[in-house]
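See structure below.
Only the coordinates and a few stated rules stand behind these numbers; no lab work does. Here the structure is a predicted model, which is why all the values come from computation and not from measurement. All Cβ positions, glycine included, derive from the backbone under ideal geometry; neighbour counts span all protein chains shown.
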């Protein structure tokens, strides 16, 4: 048996290299890394927080579109019912969209008239151009002679 002198359990523990502490640090780093990966996946993964928020937003958009389509469908069903049952609805559409009239009715077509302010204004006098003044017979100047 080898005598190492006066070594107790404490002295043996202190004499061993600090390998166990380094192993714990590596385990802690690995656990921290995996925890970070899980958190990132929970945020941006296929089923993560951002995907869930996007799915909720899309769901709300589609629910609003469905509600709008249901209202439009109800309006069209009411219009179809009116056209089947109410002759005045058919007449209204024929007058409005097709321009039809009943026998014996007269149609008056009103054209746009100029506004009253424009019609009350006196007509503008045309000013003679200087070229017309020089050649006019009232001024005593004759027009150029034509060669024979």
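Overview of values
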{"quantity": "Spin-label model distance (nm) - residue 84 vs residue 98, 7 Å beyond Cα toward Cβ", "calculated": "2.1 nm"}
{"quantity": "Value of Rg/Rh across the range 39-100 [Cα atoms, Kirkwood radius]", "calculated": "1.50"}
